[in-house]
Amino acid sequence: MTLIISPSEFSQAEDRILTYRGITPMSINASTAGSVGMAMIIDWGDGTDTGSLAVTPDEITHVYSEPGEYIVTLRVQGQNGEWAERISRIVALSKEEAERPLSTMEVQYDQDTGDVLVSVGKREGVSCTLDWGDGSEPAVVAENITHFYEKPGRYEIELTSKNATRRSKASVTVDVKGERHDQT
């Protein structure tokens, strides 16, 4: 992954923090294209920094060996002598953590009422939507959600999960038998 260091990056105010995610060992390259002659300091957020550098047209590489979340602070001194700062967040995951599913779902079908209950377990920072497979609007899911199918049939329920860097899908097929019975 590459952090771009150029004068244009610092000429405009940036309120947002860019997040980069990867699997350890995770290499970050700080590209200095277009920044020749500027002074900079990079605090990698893991107890190391570059010290003060005069930027050359090369890349500076840093490796995160341990999983964790790191705040990278980049300070660049412009030609006017003033310093500007840019902050990025690095999330270095172990291979096991990166392969862990974003969410899980369990589906229960009540033949008496025609209700389908979907229970979703999701990781922090994950949003989930369910497509019921019957043409109805997809539903945003917190934990549990119930759906009524108007007609018998075979329906594929699809769960889409996403966070800042990943998107995954899982599906389950449910056979709805008989007509829906309203509860009174």
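So for region 51-62 (the condition being among the polar types (S, T, N, Q), closer than 30 Å to W132 by Cβ and modelled with pLDDT under 85), does at least one residue qualify?
Of the residues in region 51-62, the ones among the polar types (S, T, N, Q) are 52, 56, 61.
Imposing the further condition that a residue be closer than 30 Å to W132 by Cβ reduces the set to none.
No, because not a single residue in region 51-62 is among the polar types (S, T, N, Q), closer than 30 Å to W132 by Cβ and modelled with pLDDT under 85.
Under the condition of being among the polar types (S, T, N, Q), under 19 Å from P101 (Cβ atoms) and at pLDDT 90 or above, the residues counted in region 119-171 number 6. Within region 15-45, being surrounded by 17 or more Cβ atoms within 10 Å (Cβ to Cβ) and either at pLDDT below 70 or not assigned by TED's automatic domain parsing to the domain that holds S65 (or both) holds for T32, S35, M38.
So that you can scan it fast, the table gives a plain yes or no per residue for (1) among the hydroxyl-bearing types (S, T, Y); (2) without any contact (Cβ under 8 Å) to a residue 40 or more places away in the chain; (3) over 14 Å from D43 (Cα atoms):
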residue	(1), (2), (3)
H62	no, yes, no
G68	no, yes, yes
L74	no, no, no
G81	no, yes, yes
A84	no, no, no
V91	no, no, yes
S94	yes, no, yes
E99	no, yes, yes
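With a cut-off of at least 3 residues that are without any contact (Cβ under 8 Å) to a residue 24 or more places away in the chain and closer than 30 Å to T19 by Cα, name the strands (runs of 3 or more DSSP E) lying wholly within region 109-168. Before the answer, list the steps.
Values: elements: 115-122, 127-131, 139-141, 144-148, 153-162.
Per the criteria, 139-141.
Checked against (1) over 30 Å from R154 (Cα atoms); (2) crowded, with 16+ Cβ neighbours inside 10 Å; (3) modelled with pLDDT of 75 or more, V116 meets all criteria but (1). Do we find that T146 is within 30 Å of L93 (Cα to Cα) and among the polar types (S, T, N, Q) in this structure? It is false that T146 is within 30 Å of L93 (Cα to Cα) and among the polar types (S, T, N, Q). Residues that are out of contact with any Lys or Arg (no Cβ under 8 Å at 6 or more places or on another chain) and assigned to a strand (DSSP E or B) within region 76-85 comprise just one, Q77. As a summary of the residue check, N80 satisfies the conditions (1) assigned by TED's automatic domain parsing to the domain that holds L18; (2) more than 21 Å from the chain's Cα centre (by Cα); (3) modelled with pLDDT of 80 or more except for the one numbered (3).
Would you mind finding the one in K162, K122 that is crowded, with 18+ Cβ neighbours inside 10 Å, basic (K, R) and not assigned by TED's automatic domain parsing to the domain that holds A30? Steps first, please.
Details: K162 fails: crowded, with 18+ Cβ neighbours inside 10 Å.
One residue alone meets the criteria, K122.
The values are calculated or read from the model by the stated rules, or taken from the named source; none is laboratory data. Because the structure is a prediction, the values reported are computed rather than measured. FYI the Cβ positions are ideal-geometry reconstructions off the backbone, even for glycines, and counts take in every protein chain you see.
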